[in-house]
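One structure is given here, and the rest of the page talks about it.
The values are calculated or read from the model by the stated rules, or taken from the named source; none is laboratory data. Since the model is a prediction, treat every value here as computed from it, not as a measurement. We place every Cβ from the backbone using ideal geometry, glycine too, and count neighbours over all the protein chains shown.
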Amino acid sequence: MSDTPLFSIIVPIFNVQSYLKECLDSLLGQTYAHFELILINDGSTDTSGEIAQTYTDSYPCITLLTQENAGQSIARNKGLESARGQYIVFVDSDDRLDSKALEYYAKCFTNDPTLDIIYTEFNLISDEGEALGHQKFWFDMVALAGQTKSGDELLATLYKQKAVLFTYTWQGAIAREFLEQHNIRFCEGIYFEDILFGLECFSHAKKVFLSPKRFYDYRQSLLSTTRGGGII
């Protein structure tokens, strides 16, 4: 097996000491182990940095980057610059990823190596981690679930439905080569940067797999590190 990981999981961290261990344990518990985990401590003032350092010292797959507080866009971009994996998975540091997520993504990309994006639904959880139901695609794509479409087709569907693209960066996985080819990064210094990131991804993507699977547990909390939208 190559030393280059198949996946790079990028996790920006800011003042999430109550949830960070739960998040990191869910990532380290993946059934597919060929990944690197890139943590970016975005100037946390609680014990999040110490927690991240403890995990980094214990697991060789983890890289910890630090910066003064500059926001999630800059943190994620820093993570992308350091990523070595063939595919990128974004995770927010107060959320959880199901243990079979990477295994599923790996199978999807193996079945079709030309995929640019795997795009999924997600679960909702409370502050205490209790299930609150699940979130379907923000637009009506039930009939398309399980299909592969181009980004242009998806944007056309949005236009016809008069729907808004309001989804999240962590909804699946994305090919790093695709991001590099089109020089796609998070716009810095704005709110809801995820929406702009998502539109740019969709506008360039030739193949997006719309999966009805739900591997991501999104914590609905006033303390959550992000309330914006975007893609994967």
Task: strands (runs of 3 or more DSSP E) within segment 1-82 that include 2 or more residues crowded, with 21+ Cβ neighbours inside 10 Å, touching a residue at least 12 places away in the same chain (Cβ under 8 Å) and not charged (D, E, K, R) - done: 7-13, 35-42
Task: Number of positions in segment 194-232 that are at pLDDT below 80 and within 15 Å of the chain's Cα centre (by Cα) - done: 10
TODO: For segment 99-110, indicate whether the set of residues that are under 22 Å from TYR55 (Cβ atoms), out of contact with any Asp or Glu (no Cβ under 6 Å at 6 or more places or on another chain) and not in a helix (DSSP H, G or I) is non-empty.
DONE: yes
Open item on the list: Regarding segment 88-96, can at least one residue be identified that is surrounded by fewer than 19 Cβ atoms within 10 Å (Cβ to Cβ) and part of a loop (DSSP other than H, G, I, E, B)?
Closed with: no
Open item on the list: Among the listed residues GLY79, GLY71, identify the single one that is under 26 Å from CYS187 (Cβ atoms) and at pLDDT below 95.
Closed with: GLY71
- [ ] Output the number of residues of segment 36-54 satisfying the condition of being hydrophobic (A, V, I, L, M, F, W, C) and in contact with a Gly (Cβ under 7 Å, 6 or more places away or on another chain).
- [x] 2
- [ ] Quick one: in segment 187-218, of everything that is in contact with an Asp or Glu (Cβ under 7 Å, 6 or more places away or on another chain) and surrounded by 23 or more Cβ atoms within 10 Å (Cβ to Cβ), which residue is nearest to ASN111 (Cα to Cα)?
- [x] VAL208
TODO: Take GLY29 and decide whether it is under 28 Å from SER126 (Cβ atoms), of a type in the set (Gly, Ala, Ser) and within 18 Å of the chain's Cα centre (by Cα).
DONE: yes
TODO: For residues that are out of contact with any Lys or Arg (no Cβ under 8 Å at 6 or more places or on another chain) and buried (at least 19 other Cβ atoms within 10 Å of the Cβ), scanning just segment 110-136, find the one that is modelled with the highest pLDDT.
DONE: ILE118
